[in-house]
Amino acid sequence: MNPISIKFQAFIPKSLGKPLLSYFQNSEHFNSLTNKEEFIRKIRNIDAKGFTWLPEPGNSFSHKYFATDKVEMHHHHSEHSTRLAIQMEINPAKIGNMTRMDGIIKHDKHKFKYGGLNSQHSGLSHQVCAYIKKVPELVDTGSVFIETGHHYVGVCSDTISHDRSDELPLNIDIQNSLSGMYFHESGTVLKNDTTTIKVSASAGYPYAEPWSPNIDFELEFIFYKNLANKSLSISVKGFHDSFPAYELIVNRNVAYSHNSSHYGHTGPGFTNLNTRKYFNFNNCSL
C-alpha cells in the first residue's frame, strides 16, 4: 500500500500583497523625485523576483516591507514557500506500531539551522527597505547653514534580504492503541490498530524576533487501520492562529483550509497572531 502523504502549512497568499512600486506611484512627491528613474529601476528589479509585498508593522518609521508567498489558496499541486510547515509520510503497515524513529516528519536540513528529522520547516522570510526621503538644500553662510529649499529622493534596497526562523525540534507525542471492535476467538491477542500523533510547531518572523508573536499550530492525527478489512481512515483536529492562511493536504487533496482574509485578517497583528482558530476533520477514508 502506498505511503500516506500529509502536509500542514501556514503561508501568506500572494493576493494579500502588492507590487512594491504600487506603494509609491501615487504618492505626492513621486513624480518630482530627483532620482526617479533610478528609484523605479531598483524597485522594478525587486518586483521582477515575483513577490508581492506588505508593509511591516511600524513601517512609517522603519520603511520596511515583507514578502508574501508566491502562491494562492489551493495551489497545492506544486511546491511553494511557507511560513511554517510540517510534512509527514505515513507507512500504512506501521499504523498501530509507530515510533519517533520511523522518521515520520522530516525535510531537508538547511545550513546553520537544525532542520531534518522530526523538526518543523520554517520558510525563508524576505524583506526590503524603500521610502521617499526629503532632502534639505543648505547654503553655508560661513557661520551657519541656512535651508533654502528641499527636494525628494527615492531610497530602495539594492537587494532583497532573507533569513529563516529557527527550525526547532517539534513537540511530538506518538501513542499506539487498539480502538476497533472485532469478533475473534477467546484468547486471541490482537495487534494495535490505531496510531495517534500529536504535534505542535511555532516560528517567529526572523527580522522582529523576539518581539513579534509567533505563528503557531497544534495538531492531533488519528490513523486507524481496520484489522479485518484493512481499510484506512484518518481524523485530524487542532488549532492554529487567525493569521496567516493554513492548509491541510492529504495525498495532494485539500482536506481543510483557512483563508485569513475571509475573516478580515489581511496582515499580521498582535491580536490575530494570538487568537486561536479550532478545527476538526473526521473519518477521511484513504
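The values are calculated or read from the model by the stated rules, or taken from the named source; none is laboratory data. In this text the structure is predicted, and so the values were computed from the model without any measurement. Here the Cβ is made from the backbone with ideal geometry for all residues, glycine too, and neighbour counts use every protein chain on show. Heavy atoms of the whole protein, side chains included, go into the accessibility calculation; ligands, DNA and RNA do not. Shrake-Rupley method; radii C 1.70, N 1.55, O 1.52, S 1.80 Å.
Within region 233-259, track down each residue that is out of contact with any Asp or Glu (no Cβ under 9 Å at 6 or more places or on another chain) and of a type outside the set (A, V, I, L, M).
Across region 233-259, the qualifying residues are Ser233, Ser242, Phe243, Tyr246, Glu247, Asn251, Arg252, Asn253, Asn259.
The rows are residues; the columns are (1) surrounded by fewer than 15 Cβ atoms within 10 Å (Cβ to Cβ); (2) at pLDDT 95 or above; (3) touching a Ser or Thr at 6+ places or on another chain (Cβ under 6 Å).
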position	(1), (2), (3)
Phe8	no, no, no
Tyr23	no, yes, no
Ser27	yes, no, no
Phe30	no, yes, no
Ile40	no, yes, no
Pro57	no, no, no
Phe66	no, yes, no
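Gln175: at pLDDT 95 or above, assigned to a strand (DSSP E or B) and open to solvent by 70 Å² or more (accessible area, probe 1.4 Å), yes or no?
yes
Within region 275-283, is there a residue that is among the basic types (Lys, Arg), touching a residue at least 40 places away in the same chain (Cβ under 8 Å) and either in a strand (DSSP E or B) or surrounded by fewer than 19 Cβ atoms within 10 Å (Cβ to Cβ) (or both)?
Checked against the condition, which is being among the basic types (Lys, Arg), touching a residue at least 40 places away in the same chain (Cβ under 8 Å) and either in a strand (DSSP E or B) or surrounded by fewer than 19 Cβ atoms within 10 Å (Cβ to Cβ) (or both), region 275-283 yields no hits at all.
Could you please find all residues in region 231-264 being under 22 Å from Phe66 (Cβ atoms), open to solvent by 20 Å² or more (accessible area, probe 1.4 Å) and in contact (Cβ under 8 Å) with a residue 24 or more places away in the chain?
Across region 231-264, the qualifying residues are Asn259, Ser261.
Residues of region 175-215 being touching a residue at least 60 places away in the same chain (Cβ under 8 Å) and under 17 Å from the mean Cα position of the chain (by Cα), which ones?
Matches in region 175-215: Val199, Ala201, Ser202, Ala203, Tyr205, Pro206, Tyr207, Ala208, Ser212, Pro213, Ile215.
Does Val199 qualify as being of a type in the set (A, V, I, L, M) and over 30 Å from Ser22 (Cβ atoms)?
Working: of a type in the set (A, V, I, L, M): yes; over 30 Å from Ser22 (Cβ atoms): yes.
Here the answer is yes, as Val199 does meet what is asked.
Quick check on my filter: what residues within region 219-230 are open to solvent by 10 Å² or more (accessible area, probe 1.4 Å) and in contact with a Leu (Cβ under 8 Å, 6 or more places away or on another chain)?
First, the residues of region 219-230 that are open to solvent by 10 Å² or more (accessible area, probe 1.4 Å): 220, 222, 224-230.
Answer for region 219-230, where residues must be open to solvent by 10 Å² or more (accessible area, probe 1.4 Å) and in contact with a Leu (Cβ under 8 Å, 6 or more places away or on another chain): Tyr224, Lys225, Asn226, Leu227.
Can Met73 be described as under 17 Å from Tyr246 (Cβ atoms), at pLDDT 90 or above, surrounded by 15 or more Cβ atoms within 10 Å (Cβ to Cβ) and within 17 Å of the chain's Cα centre (by Cα)?
It is false that Met73 is under 17 Å from Tyr246 (Cβ atoms), at pLDDT 90 or above, surrounded by 15 or more Cβ atoms within 10 Å (Cβ to Cβ) and within 17 Å of the chain's Cα centre (by Cα).
Please go through region 10-21 and give me each residue that is farther than 30 Å from Ala255 by Cα and open to solvent by less than 40 Å² (accessible area, probe 1.4 Å), ordered by number.
Residues of region 10-21 that are farther than 30 Å from Ala255 by Cα, as a first pass: 19-21.
Answer for region 10-21, where residues must be farther than 30 Å from Ala255 by Cα and open to solvent by less than 40 Å² (accessible area, probe 1.4 Å): Leu20, Leu21.
Taking Ser186, is it part of a loop (DSSP other than H, G, I, E, B) and either farther than 30 Å from Met88 by Cα or at pLDDT 95 or above (or both)?
When the stated conditions are applied, Ser186 passes them.
Can you find a residue that is without any contact (Cβ under 8 Å) to a residue 60 or more places away in the chain, part of a strand (DSSP E or B) and closer than 29 Å to Leu20 by Cβ anywhere in region 153-161?
yes
Report every pair of residues separated by at least 6 positions or lying on different chains whose Cβ atoms are under 8 Å apart, first residue within region 128-152 and more than 28 Å from Lys49 (Cα to Cα) and surrounded by 11 or more Cβ atoms within 10 Å (Cβ to Cβ), second among the aromatic types (Phe, Trp, Tyr) and at pLDDT 95 or above.
From region 128-152, the pairs are Val135/Tyr152.
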